[in-house]
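> Okay, here's the structure, questions in a sec.
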Amino acid sequence: MAVDLTAGTVAGVAQLMVGHPFDTIKVKLQSQSSAAGAATFNGPLHAAKQTLLREGFKGLYKGMSAPLATVALFNAVLFASRGQMEVLLAHKDGSPLGLRDQLVAAVGASCAVSLVATPTELLKCRLQAQGCSKTAMQRLVDAGLDPAKHTIYRGPREVARHVLAHEGGPLGLFRGLGATLGRESLGNMAMFGVYELAKQQLVALKGLPSKDQLSFSDLLLAGGLGGTAFWLGCYPLDAIKSKLQVDSYAAPRYSGIWDCGRQVVAAEGVRGLFRGFGPALARSFPANAVCFAVYEATKLVVNGFIS
C-alpha cells in the first residue's frame, strides 16, 4: 500500500503537469452553451489562443490546485484498489491474471476512485469553465448583467464554500457522481486492458522473459496507448459529467445523465457529445505515458530501496 501511495503520488504530479492545459481547453469547450450562436470558442485552437490572450499562460493551469491537492489520494486509491482487486482475483495455481480479471479489477478501482474524483472535478470544472475571475466579471458587464447578482469564484475554496452553503451541503460536491462512475468504469477498463495487452505484445516482440524487463520507453508507449483508449471508451459520459457539474443548482437545465445527453444530441447532434474531444485525445497519450512510466519506475525504485 505504501509503495502504491508513493509511486501513485509521483506519477500523478507528473501526469497533471503534462496534461492539465489540455484538460482546461477540453472543459472550456464542453461547458459552453449549446444554443445556436452562443458558443464562445469555435474550436480547441481558438479556445487556447483566447485563453492565452485573456489570462496568460497561467490560464491554462486554472483549477489545478484542487486536483493537485488530492493527486496523492486519487492515485493511491486508483492503483492501491486495483492492486487489492488483483489480490482478490489471484489464481490459486499462481498463473497470471487474464484480461477478464484485469477488466474486473479496473471496475472495482473505478468505484473507489469515483468518490475522490467527483468533488475534485466539480471544483476544477467550475473554475475552468469560468476562467479568470476578472475576465468573467467583464463578460457579465459586456452582456449587460450585474456581476453582483452572479457567482464569481476566485479559487477552489470559494467554489467549495458556495456549494456547501447553497447547493445541498456536502452532497452538492458529489453532483455528477453517476456520470463520473460510468466514465471511470468504461475508461479504466479500456485503459488498463490496453496497457496490459500492449506490455504483453512488447514482451513477445522483444523476446523478454517478463514484463519487468520492459524499458522506460516501452512503458511510455504502453501507457500512452492505454490513456488514448481511456477517452475512446468513455468520452460522451465525460462531456455529460462536465455539463452536469457546471449546471445551475437553482434553475438546472438538466435533470440527469439521460436528459443531458438527450438535450445535447437534440441541439447539436451526436457530435455535441464529443465537443473538446481533440484536446482530450491530444492530452491522453503524453499525460498517461508519463503517468504509467513514472509509476512503474518509482515503484521499482521504492521496492529496491525497501529490499
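The values are calculated or read from the model by the stated rules, or taken from the named source; none is laboratory data. If you're wondering where the values come from, they're calculated on a predicted model, not measured in any experiment. A quick note on method: Cβ atoms are made from the backbone with ideal geometry, for glycine too, and the neighbour counts reach across all protein chains shown. Side chains are part of the model used for accessible areas, which takes the heavy atoms of the whole protein and leaves out ligands, DNA and RNA. Shrake-Rupley method; radii C 1.70, N 1.55, O 1.52, S 1.80 Å.
> Would you mind putting 207-213, 297-303 in packing order, based on average other-beta-carbon counts within 10 Å, highest first?
Per-residue mean Cβ counts within 10 Å order the peptides as 297-303, 207-213.
> Give the accessible surface of the chain per residue, rounded to a whole number of Å², with probe radius 1.4 Å and ligands, DNA and RNA excluded.
48
> If you take Cα Rg over 2.2 N^0.38 Å from the coordinates, which of (1) 1.04; (2) 1.44; (3) 0.96 do you get?
Identified label for the calculated read-out: (1).
> Which FRET efficiency, nearest 0.05, do K49 and H162 yield, Cβ-Cβ r, R0 25 Å?
About 0.25, to the nearest 0.05.
> Stretch K206-F57 to full length: gain in nm at 0.36 nm per residue minus the Cα-Cα span?
49.5 nm
> Relative to the first principal axis of the alpha-carbon coordinates of the chain, what is the inclination of helix 2-31, with its axis defined by its Cα atoms, in degrees from 0 to 90 and to the nearest 10?
In the chain, helix 2-31 runs at an angle near 30 degrees to the longest axis.
> Relative to the first principal axis of the alpha-carbon coordinates of the chain, what is the inclination of helix 277-306, with its axis defined by its Cα atoms, in degrees from 0 to 90 and to the nearest 10?
The answer is roughly 40 degrees.
> Would you give the gap between the C-alpha center of segment 233-276 and the C-alpha center of segment 181-197, rounded to a whole Å?
Answer, in whole Å: 21.
> Shape call for segment 1-119 from the C-alpha gyration tensor, a ≥ b ≥ c root eigenvalues: rounded (a/c under 1.5), prolate (a/b greater than b/c) or oblate?
prolate
> Here's something else I'd like to know. Once fully extended, how much extra length lies between L88 and Q213, figured as 0.36 nm per residue of separation less the alpha-carbon to alpha-carbon distance?
Details: separation 125, 0.36 × 125 = 45.00 nm, distance 2.54 nm.
Between L88 and Q213, full extension yields 42.5 nm more.
> What angle do you read, to the nearest 10 degrees and between 0 and 90, between the alpha-carbon axis of helix 65-88 and the longest principal axis of the chain?
For 65-88 against the chain, the angle is about 40 degrees.
> Counting only protein heavy atoms, what percent of the accessible surface of the chain is carbon or sulfur at a 1.4 Å probe? Display every interim value, and only then the final one.
Values: 9620 of 14750 Å².
Carbon with sulfur: 65 percent of the solvent-accessible area.
> If you don't mind, another one. For the cross-link pairs K92/K199; K124/K299; K28/K58; K58/K124; K199/K243, which exceed 26 Å when the distance is taken from alpha carbon to alpha carbon?
K124/K299; K199/K243
> Using just the helices of the chain, give the 222 nm mean residue ellipticity in deg cm²/dmol: DSSP H runs with n ≥ 4 each add -39,500 (n - 2.57), and the total is spread over all residues, rounded to 500.
-25500 deg cm²/dmol
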